[in-house]
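K.L.:
Sharing a structure, written as structure tokens. Questions coming.
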């Protein structure tokens, strides 16, 4: 079975060497080892040293050469907007205070659909609507989804606090 042994970030791998793609939901883009089936039928094993978040456009380097492109799948989400920048900041604060995965883009925040949270946001004056788009939330300072091949939290923590 073919093995994907490394992740090369979007724009840094040779697109001409793409042999397939794999379209994944956000929760399926934080993995270390998993058998996958590419969109064009390539059966391969994702076999990384440690789990990292895969982003749309990243390339999974195959051991024998070539790359599998990662694509973010559309998901059912809620788009949150504020009536002005101050309201938007307040909404972002309330979402962050609840430690919810959130994708922040200029004038909107994308979150997973949760009727309790949506009701809270409406009560705070937010404009909310359901959308179906790829989800790539912020990693957070301490969250597991902040890990990537260049992330050195452990080494930095030891340097600062060791």
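Bear in mind these aren't lab numbers, they're just calculated from the coordinates by the rules spelled out. What you see is a predicted model, and the numbers here were worked out from it, not measured in a lab. Using ideal geometry, Cβ is built from the backbone for each residue, glycine included, and neighbour counts are taken over all protein chains shown.
K.L.:
Output needed for the range 2-72: three equivalent-ellipsoid semi-axes, defined as square roots of 5 times the C-alpha gyration tensor eigenvalues, in descending order, whole Å. Provide the component values of the computation, followed by the final result.
P.N.:
Working: eigenvalues 45, 34, 30 Å².
So the three semi-axes of the range 2-72 are 15, 13, 12 Å.
K.L.:
Hey, another quick one. Counting pairs of alpha carbon atoms under 8 Å apart in space and at least six apart in sequence, what relative contact order in percent does the chain give?
P.N.:
Details: 308 pairs, mean separation 37.9, N = 162.
For the chain, the relative contact order is 23 percent.
K.L.:
Would you mind calculating the gained length between residue 12 and residue 76 on full extension (0.36 nm times residue separation, minus the Cα-Cα distance), in nm to one decimal? The partial results should precede the final answer.
P.N.:
Values: separation 64, 0.36 × 64 = 23.04 nm, distance 2.97 nm.
Result for the pair: 20.1 nm of gain on full extension.
K.L.:
Have a look at the range 61-104 and give its Rg and Dmax from the Cα atoms, expressed in angstrom.
P.N.:
For the range 61-104, the Cα radius of gyration and maximum Cα-Cα distance read 17.6, 52 Å.
K.L.:
Run a plain Debye calculation on the chain (Cα atoms as equal point scatterers, no solvent) and give log10 I(q)/I(0) at q = 0.11 Å⁻¹, rounded to two decimals, same order as the q list.
P.N.:
Log-scaled intensity ratios, in q order: -0.55.
K.L.:
Angle check, please: helix 85-97 long axis (alpha carbons) against the longest principal axis of the chain (alpha carbons), in degrees 0 to 90, nearest 10.
P.N.:
Between the helix axis and the principal axis of the chain, the angle is about 60 degrees.
K.L.:
Using 0.36 nm per residue, how much length does the chain from residue 130 to residue 25 gain when fully extended, once their Cα-Cα distance is taken away?
P.N.:
On the way: separation 105, 0.36 × 105 = 37.80 nm, distance 1.70 nm.
Result: 36.1 nm gained on full extension.
K.L.:
Expressed as a whole percent, how much of the Cα-Cα distance distribution for the range 75-134 exceeds 19 Å? Write out the running numbers ahead of the final one.
P.N.:
Details: 278 of 1770 pairs.
Taking all Cα-Cα pairs of the range 75-134, the fraction more than 19 Å apart is 16 percent.
K.L.:
Pulled fully out, how much extra length does the chain show between residue 100 and residue 49, if you take 0.36 nm times their separation in residues and subtract their Cα-Cα distance? Before the final figure, lay out each step's value.
P.N.:
Numbers: separation 51, 0.36 × 51 = 18.36 nm, distance 2.76 nm.
Using 0.36 nm per residue and subtracting the Cα-Cα distance, I get 15.6 nm.
K.L.:
Testing the spin-label approximation: label points 7 Å from Cα along Cα→Cβ at residue 32 and residue 86. State their distance in nm.
P.N.:
Taking the two extended label points, one gets 4.8 nm.
K.L.:
Using a Förster distance of 30 Å, how high is the FRET efficiency between residue 114 and residue 1, based on the Cβ-Cβ distance and rounded to 0.05?
P.N.:
Numbers: r = 38 Å, r/R0 = 1.28.
FRET efficiency, residue 114 to residue 1: 0.20.
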